[in-house]
Amino acid sequence: MEPNTVEKPSVTVLGLGAMGAALARAWLAAGYPLTVWNRTPGRAAALAPEGARVAGSAAQAVAASTLVVICLLDDTSVDEVLAGVDVAGRDLVNLTTSTPAQARARAAWARRHGARYLDGGIMAVPPMVGAPEAGGYVFYSGSRGLFERHQETLGVPAGTTYVGEDAGFAALHDVALLSAMYGMFAGTAHAFALIRREDIDPAALAPLLADWLVAMIPAVHQTADQLCSGDYTTGVVSPLAMQVAGTPTFLRTAEQQGVSPELLIPYFDLMRRRLAEGGGEEDLAGVVDLLLR
Ligand code: FVH
């Protein structure tokens, strides 16, 4: 086999919590020269035996590489770490979970300070990093040219999905997917609560629940198609009128099982409102519009 003679670009990672450390280890394992910094120095020192250069300050770490990856707790910690640091000429990639507005403000801040900027939203948990088979990936948004320049390096810890020039879009996609996830977790919590006091093994319900949720996934695509076309009645197999008629059964069952309906009620209320507005022949796409303020 030909030896790999192409020099790998140097990477700096600021923040070595569970996620930052996983990212750092993925680049180290792939042979990238890596400089690390963390507020609590022990976390950086732990990576030295694996080949990382440990910077004495965030400023030194930023000075060590053109590509600087930031993975801190939140936007406030990014403020604190970058305060007074010279970022001119750097390519900042901020993987810290942020709101779209925070991401856009950070991009503007980077521009004012002479840095290029990409924002990222990580769709993975730490064990999925550096494990391509796990399917984890990161949304990126901001300069397409900058993304393409670093795509190979950024693709080492996890897959890359570029979602647009607007720096806020990675955060928006991240939050959209995670919000849907919490809706699913809410439904799952309610389902387990319903059987909690019965002689039903949660481990027996789990595969049934998981398979049912997977079977319902096509509804995501149908909703998107309906939102795109503006016709919410095409392809409807479970009309809203029928679904709303069924909601008392869900609420009575919850009551009989001694389970609070608090996770279901807000959604049922929206379904009823849409029905009252004349959406009985639709499926559930109309709920999307009711959420818009
Ligand atoms: N871990 C996960 O499952 C999720 C997966 C999806 C993406 N998130 C986001 O990734 C960011 C980092 O998360 P993390 O898991 O690494 O978080 P922690 O293990 O809690 O580490 C936090 C790091 O941030 C440093 N830090 C916090 N506050 C400050 C500050 N004021 N100044 C400087 N550094 C700060 C902390 O340093 P230390 O406590 O070790 O000194 C850690 O390095 C995050 O946005 C997730 O939402 C992870």
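What to note about this one:
- Order of Thr96, Thr153 under a 10 Å beta carbon neighbour criterion, fewest first: Thr153, Thr96
- Ranking Ala215, Ser238, Val163 by how far each Cα lies toward the positive end of the dipole of the chain (charges on Cβ) leaves Val163 at the top.
- Using a Förster distance of 35 Å, the FRET efficiency for Glu277-Leu205 (Cβ separation, nearest 0.05): 0.50
- Per-pair calculated FRET efficiency, R0 = 22 Å: Ala131 and Ser57 via Cβ, rounded to 0.05: 0.10
- For the chain, calculated [θ]222 nm from helices alone, where every DSSP H run of n ≥ 4 adds -39500 (n - 2.57): -15500 deg cm²/dmol
- Amide H contacts under 5 Å for Val69, placed H, 5+ residues apart: Thr12, Val13, Leu14, Val93
- Calculated log₁₀ intensity ratio I(q)/I(0) where the Debye formula runs over C-alpha points of the chain, q = 0.12, 0.13, 0.16 Å⁻¹: -0.88, -0.96, -1.17
- Shape analysis of segment 1-153 places it in the rounded category; the axes a ≥ b ≥ c from the Cα gyration tensor give an a/c below 1.5.
- Prolate/oblate/rounded call for segment 201-246, Cα gyration tensor, a/c under 1.5 rounded: oblate
- Gap separating the Cα centres of segment 279-293 and segment 162-223, nearest whole Å: 19
- 5 angstrom amide H check on Met123, placed H, neighbours 5+ away: Tyr137, Val138, Phe139
- Each Cα pair of segment 148-293 feeds into the Kirkwood radius, which the Stokes-Einstein equation turns, at 20 °C and 1.002 mPa s, into a diffusion coefficient of 118 µm²/s.
- Packing-based exposure ordering (other Cβ within 10 Å, fewest first) of Met271, Met216: Met216, Met271
- Within the chain, the whole DSSP H helices whose Cα atoms reach 27 Å or more along their own axis and whose mean Kyte-Doolittle score is at least 1.0 are 169-195.
- Taking other C-beta atoms within 10 Å as the exposure proxy, Phe192, Phe139 rank Phe192, Phe139 from fewest upward.
- Net charge of the neighbourhood of Ser238, taken over other residues with C-beta under 15 Å away and scored Lys/Arg +1, Asp/Glu -1, is -2.
Computed from the coordinates by the stated procedures, all read-outs in this text should not be read as laboratory data. Owing to the predicted nature of the structure, the values given are computational and were not obtained by experimental measurement. Neighbour counts are summed over all protein chains in view; Cβ atoms, including those assigned to glycine, are modelled from backbone coordinates with ideal geometry.
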